[in-house]
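Novice: Following this message is one structure expressed as structure tokens.
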Amino acid sequence: MTSARPDKHTFASADPVVYIAVLLSNIVVPGLGLCLRRKVVQGLVIEFLWLVSLALLVWAMAFHGLHPVKAVIVAGVLYAVTQVDLILGYPRKQDGRVSLSMFDYLGGLLFFVVGLDLLLAFGFKPYLGLALVTDRNEYPLLMPGDLLLYKKARTAPRQRDRGRLFVTKHASRVEIQRLVGFEGDVITVTKDGMLNVNGQSWPRKEVKIIHKDILDPVSVLTTGYLETVPDTKHTYPVVFGPLVFMPKFHKKVDKGLFFLADNRSGASVVDSRMTGPLPKKAVLGTPIVVLMTLSPKGRVSFKRSGIRPWP
């Protein structure tokens with residue numbers, strides 16, 4: 001008497017212990033239960049869809065403003081969908097064997113696609129954005145071609161944000177500048193680039209800066225300074241050109257926010273000394289990290305990746 005050969009896609013036994021083991025493995029990794037039940041392709045598809053759904057949720061939180069609590073709820077629903085077929089599949093039998101229909105999983109796939117598309121289509125306000133550095137205003141901290149990831153502003157800058165870098169937009173031009181003054185402040189920048197706000201000078205210490213520009217492979221030794229935000233320990237590098245010096249600047253901020261470049265004397269530097277204070281609505285957000293550097297010829301460099309502008 002010969003026993004029936006088990007189907008390659010199912011277990012030959014409906015042993016509850018085996019089923020529980022498969023169920024537990026599927027709980028740990030959605031789709032793994034199917035792999036153990038010899039439905040490897042289907043199991044890997046479910047694992048892939050689960051990972052993609054998580055990636056889409058993270059992307060929605062980062063760039064489309066999806067609230068983390070809502071993301072957790074959606075992830076929980078998606079997770080439950082990956083488990084429902086194993087839970088409901090045990091009682092189904094074909095020729096005395098437990099079998100799993102792909103119907104529920106196809107329904108789950110439809111839920112993934114339609115549900116997440118609807119979720120992302122609501123037009124949530126993004127949390128993050130990308131900005132490309134196109135000038136040398138923040139040399140040597142930032143260089144032309146640096147692609148920045150920045151956190152979009154939810155509120156207007158406050159006094160505690162003084163000395164912080166911001167991504168701003170003025171006359172359709174995106175710039176990264178340092179906030180140094182608010183309405184009512186008196187800003188003074190001496191000929192040698194020394195910053196003074198409301199009669200208080202911002203301490204600085206001379207340093208040597210060696211920098212290799214992606215646009216110019218020759219290393220450059222520059223005399224710069226580490227400037228400190230008063231009453232804090234936050235420092236950042238500033239430079240002053242050896243030949244081109246800006247005239248002394250002294251003015252009260254009547255309205256808006258005053259931004260100053262870290263490259264204080266470059267001939268092409270543009271900040272609030274030239275354009276005037278910017279309105280609060282011009283602030284797009286705060287830089288987080290340099291992702292990569294793009295050269296004019298399309299070359300991509302990751303040598304500067306990971307640079308985190310203060311703070």
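The values are calculated or read from the model by the stated rules, or taken from the named source; none is laboratory data. This structure is a prediction, so every number in the text was calculated from the model and none was measured. Every residue, glycine among them, receives a Cβ derived from its backbone with ideal geometry; neighbour counts consider all protein chains shown.
Novice: Evaluate the following for Ile187: is it in contact with an Asp or Glu (Cβ under 6 Å, 6 or more places away or on another chain), buried (at least 20 other Cβ atoms within 10 Å of the Cβ), within 27 Å of Val253 (Cα to Cα) and not basic (Lys, Arg)?
Specialist: Numbers: in contact with an Asp or Glu (Cβ under 6 Å, 6 or more places away or on another chain): no; buried (at least 20 other Cβ atoms within 10 Å of the Cβ): yes; within 27 Å of Val253 (Cα to Cα): yes; not basic (Lys, Arg): yes.
The answer is no for Ile187.
Novice: I need the strands (runs of 3 or more DSSP E) fully contained in the range 146-234, keeping only those with at least 3 residues that are within 20 Å of Pro277 (Cα to Cα) and at pLDDT below 90.
Specialist: Working: elements: 146-152, 165-170, 173-181, 186-189, 195-197, 204-213, 216-228.
Here the list is empty.
Novice: Here is a follow-up. If I filter the range 278-295 for residues that are out of contact with any helix residue (DSSP H, G or I) (no Cβ under 9 Å at 6 or more places or on another chain), over 19 Å from Leu142 (Cβ atoms) and modelled with pLDDT under 90, do I get at least one hit? Show your work before the answer.
Specialist: First, pick out the residues of the range 278-295 that are out of contact with any helix residue (DSSP H, G or I) (no Cβ under 9 Å at 6 or more places or on another chain): 279-285, 287-295.
Checking which are over 19 Å from Leu142 (Cβ atoms) leaves us with 279-281.
Next cut, modelled with pLDDT under 90 only: none.
Checked against the condition, which is being out of contact with any helix residue (DSSP H, G or I) (no Cβ under 9 Å at 6 or more places or on another chain), over 19 Å from Leu142 (Cβ atoms) and modelled with pLDDT under 90, the range 278-295 yields no hits at all.
Novice: Identify, by number, the condition in (1) modelled with pLDDT under 65; (2) of a type in the set (A, V, I, L, M, F, W, C); (3) exposed (fewer than 15 other Cβ atoms within 10 Å of the Cβ) that Val41 doesn't meet.
Specialist: (1)
Novice: Give me the residue from the range 128-155 that is among the hydroxyl-bearing types (Ser, Thr, Tyr) and surrounded by 18 or more Cβ atoms within 10 Å (Cβ to Cβ) and, out of that set, farthest from the chain's Cα centre (by Cα).
Specialist: So the first thing to find is which residues in the range 128-155 are among the hydroxyl-bearing types (Ser, Thr, Tyr), and the list is 134, 139, 150, 155.
Now narrow it down to the ones that are surrounded by 18 or more Cβ atoms within 10 Å (Cβ to Cβ): 139, 150.
Numbers: Tyr139: 22, Tyr150: 6 Å.
It comes out as Tyr139.
Novice: Which residue pairs have Cβ atoms closer than 9 Å, lie 6 or more positions apart in sequence or on different chains, and pair a first residue in the range 48-75 that is aromatic (Phe, Trp, Tyr) with a second residue that is surrounded by 13 or more Cβ atoms within 10 Å (Cβ to Cβ) and assigned to a helix (DSSP H, G or I)?
Specialist: Trp50/Leu78; Trp50/Tyr79; Trp50/Thr82; Trp50/Phe112; Trp59/Leu120
Novice: Also, I was wondering about something else. Given Arg158, Arg178, Arg204, Arg162, which one is under 20 Å from Tyr236 (Cβ atoms), more than 29 Å from the chain's Cα centre (by Cα) and not acidic (Asp, Glu)? Working first, answer last.
Specialist: On the way: Arg158 fails: more than 29 Å from the chain's Cα centre (by Cα); Arg178 fails: more than 29 Å from the chain's Cα centre (by Cα); Arg162 fails: more than 29 Å from the chain's Cα centre (by Cα).
Among Arg158, Arg178, Arg204, Arg162, only Arg204 is under 20 Å from Tyr236 (Cβ atoms), more than 29 Å from the chain's Cα centre (by Cα) and not acidic (Asp, Glu).
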